[in-house]
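K.L.:
Dropping the structure in here first, questions after.
Every number in this text was worked out from the coordinates using simple rules, so none of it is lab data. The shown structure was predicted, so the numbers you read here are calculated from the model rather than taken from an experiment. Note that each Cβ is placed from the backbone with ideal geometry, even for glycine, and that neighbours are counted across all protein chains shown.
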Amino acid sequence: MDSIVIEGGVPLRGAIQIHGAKNAALLLQCAALLAPGVSTLRHVPRLADVRTMNRLLRHLGCTVEGEETLTLDTTKVADGPLAAPYELVKTMRASVTVMGPLLGRYGRARVSLPGGCAIGARPIDQHLKGLAALGAQIELDHGYVVARCKRLRGASVVFDKVTVGGTQNVMMAAALAEGTTVLENAAREPEVQELAVVLNKMGARIRGAGTAVVEIEGVDTLHPVDHAILPDRIEAGTYAVAAAITGGDVFLRDAPVDHMHAVLAKLEEAGVQLAVEAGGLRVRGPDRLDPVDVSTRPHPGFPTDMQAQFMVLASCAHGRSVITETIFENRYMHVPELLRMGADITVNGPTAVVRGPTRYLGTTVMATDLRASASLVLAGLVAEGRTEILRVYHLDRGYEAVERQLAPLGARITRYHDARA
């Protein structure tokens, strides 16, 4: 099992390339199922989750080739099982979003329930509510969702709560439904907008993506697509925090600044110098970080996927910061590990009070989920001495070769292929 070792205390300087967005790539891989033939996705990040989705697509009968450029041939999917097994879904919740494309194009799908999640309950009831509204007959069978229909029909769907995956799943299904579907209280994330852009390139008729009301006029068929995936706003935000807390000067090449307003506003509030330049974003860390309060919200609010990283930034600031997590009820699992490194953090329900500046001391820590592992890397970058991070397979789900990204900036970071490093 891999581990990462960091010798902290080095300001990061240089340029870093931002990869394609993980959360967009996974959905576009699913969207390829909607059209017969070969689709091509470019700027695909080399991540464990992308590889998991490729395994699922192959299980469904899709031919998948390539890495940074993926070709997906759906010609033989109709001959496959049209089922997503538990052993794949349990490792990545995004697997459930094959349900909408399979149901929309083939009229049937059998998808495992995702089970528990380390960062809290994440039910798929809104996915099922939306698909049922379109006419799908849905049953639960020994831990699987079995959905069938002759052809889905357009309908009005009002989500009880904002759901990114539910919006995307129903949007894909509705693209091939008969008639018009209106989604209300829809998620507004950039990855939802990206999915709509790609579906429209495939021949769909979708309006309003990026707003709370999305209208989908169903079509009879869709065609394959060739598309370059937008850059990852969470990866960019994470490396921006790395530059800020180390007092560095880093240029984030292709950072999607138009999708990062909430994060950039909080960085500036903390005293970080930001400059939008040709081709990306320059981030300069100040001599002294100011405290900053953060409350996570659905887009365009502050993203929950940046909460753990900002907790490290807050702990490096001079003063008291308050962080409130409103999206997931169990997303403070990184706190005990940060406490072991010297942080002063008090958690009371959804609220964490962070007092700084922290003198982080390197030690052995264990990653518990994707963004928690990113926070431990950040803490290691500013810690005195040696930090060893175990279970970095969590990190590999959302960050491509973080050690190869940070080392050219001056970070003393090494990956070991044995946790006893």
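K.L.:
Could you work out the relative contact order of segment 22-228? I mean the mean sequence separation of Cα pairs under 8 Å and 6+ apart, divided by the number of residues, in percent.
P.N.:
21
K.L.:
I would also like to ask the following. Please order Glu384, Glu139 by the number of other Cβ within 10 Å, starting at the fewest.
P.N.:
Glu139, Glu384
K.L.:
Let me ask something else about it. Based on C-alpha coordinates, I'd like the Rg and Dmax of segment 130-191, in Å.
P.N.:
Rg, Dmax (Cα atoms, Å): 11.9, 35.
K.L.:
Another question, if that's okay. Give me P(r) over segment 180-290, computed from all C-alpha to C-alpha distances, binned every 5 Å, as integer percentages.
P.N.:
Bins of 5 Å from zero give 2, 11, 18, 16, 13, 11, 10, 8, 6, 3, 1, 0 percent of pairs.
K.L.:
Using Cα springs under 10 Å in a Gaussian network model of the chain, which residue among Val192, Val158, Val294 shows the largest mean-square fluctuation?
P.N.:
It is Val158.
K.L.:
Moving to a separate point now. Provide Lys201, Lys22, Lys161 in ascending order of the number of other Cβ atoms located within 10 Å of each residue's Cβ, fewest first.
P.N.:
In order of increasing Cβ crowding within 10 Å: Lys161, Lys201, Lys22.
K.L.:
Then there's this: What percentages, rounded to whole numbers, describe P(r) for segment 80-166 computed over all alpha carbon pairs with 5 Å bin width beginning at zero?
P.N.:
Percent of pairs per bin, in order: 3, 15, 26, 27, 19, 9, 2, 0.
K.L.:
Moving on. What is the local net charge at Ala265, summed over the other residues whose Cβ is closer than 14 Å to its Cβ (Lys, Arg +1; Asp, Glu -1)?
P.N.:
-2
K.L.:
Right, next: Below 25 Å, Cα to Cα, which lysines can Lys161 reach? Residues fewer than 8 away in the same chain don't count.
P.N.:
Hits, sequence-local ones excluded: Lys22, Lys90, Lys129.
K.L.:
Quick one: of the DSSP bridges fully inside segment 22-228, what percent are antiparallel, nearest 5?
P.N.:
Among the beta bridges of segment 22-228, antiparallel pairing accounts for roughly 70 percent.
K.L.:
To the nearest 0.05, what FRET efficiency results for Glu329 and Arg359 with a Förster distance of 35 Å applied to their C-beta separation?
P.N.:
Efficiency computed from Cβ-Cβ geometry: 0.70.
K.L.:
Most fluctuating residue of Val392, Val276, Val402 in a GNM of the chain with Cα springs under 10 Å: which is it?
P.N.:
Val276
K.L.:
Something else now. Rg and Dmax in Å for segment 22-228, alpha carbons only: what are they?
P.N.:
Cα only, segment 22-228: 15.1, 40 Å (Rg, Dmax).
K.L.:
Given segment 137-244, what percent of its DSSP beta bridges are antiparallel, to the nearest 5?
P.N.:
Of all bridge pairs located within segment 137-244, approximately 70 percent are antiparallel.
K.L.:
With n ≥ 4 as the cut-off for DSSP H runs, can you work out [θ] at 222 nm for the chain, using -39500 (n - 2.57) per run divided by the number of residues, rounded to the nearest 500?
P.N.:
-8500 deg cm²/dmol
K.L.:
Based on the Cα gyration tensor of segment 293-363, what are the three equivalent ellipsoid semi-axes, each the root of five times an eigenvalue, rounded to whole Å and given largest first?
P.N.:
20, 12, 10
K.L.:
Which semi-axis lengths, in whole Å and largest first, follow from the square roots of five times the eigenvalues of the Cα gyration tensor of segment 1-73?
P.N.:
31, 15, 9
K.L.:
What does the net charge come to around Glu68 if you take all other residues with beta carbon closer than 13 Å to its beta carbon, with K and R at +1 and D and E at -1?
P.N.:
That sum, taken over residues with Cβ under 13 Å, equals 0.
K.L.:
If you build a Gaussian network model of the chain, linking Cα atoms that sit under 10 Å apart, which residue out of Pro11, Pro303, Pro336 swings the most?
P.N.:
Pro336
K.L.:
When DSSP beta bridges are limited to those with both residues in the chain, what percentage is antiparallel, rounded to the nearest 5?
P.N.:
Antiparallel: roughly 70 percent of the beta bridges in the chain.
K.L.:
Calculate the dipole size of the chain relative to its Cα centre from +1 charges on Lys and Arg beta carbons and -1 charges on Asp and Glu beta carbons; express the result in debye to the nearest 20.
P.N.:
Dipole about the Cα centre, nearest 20: 480 debye.
K.L.:
Short version: ³J(HN,Hα) in whole Hz for each residue of segment 283-294, in order, from phi by Karplus 6.51 cos²θ - 1.76 cosθ + 1.60 (θ = phi - 60°), x for Gly and Pro, what are they?
P.N.:
In residue order, the calculated couplings are 10, 10, x, x, 5, 9, 7, 8, x, 8, 8, 9 Hz.
K.L.:
At a temperature of 25 °C and a viscosity of 0.890 mPa s, determine how fast the chain diffuses translationally according to Stokes-Einstein, using the Kirkwood radius over alpha-carbon pairs as Rh; express D in µm²/s, rounded to the nearest whole number.
P.N.:
The estimated diffusion coefficient comes to 112 µm²/s.
K.L.:
Distance from the Cα centre of segment 236-262 to that of segment 317-391, in angstrom?
P.N.:
So the separation of the two Cα centres works out to 19 Å.
K.L.:
Here's something else I'd like to know. One-quarter of the Cα convex hull surface for segment 226-342, in nm²?
P.N.:
8.1
K.L.:
Within segment 264-320, which trypsin sites (Lys or Arg not before Pro) sit in a loop by DSSP and count at most 16 neighbouring Cβ atoms inside 10 Å?
P.N.:
The qualifying sites are Arg288.
K.L.:
Okay, next question. Summing +1 for each Lys or Arg and -1 for each Asp or Glu, what net charge is found among the other residues whose Cβ lies under 9 Å from the Cβ of Val354?
P.N.:
Combined, the nearby Lys, Arg, Asp and Glu give +1.
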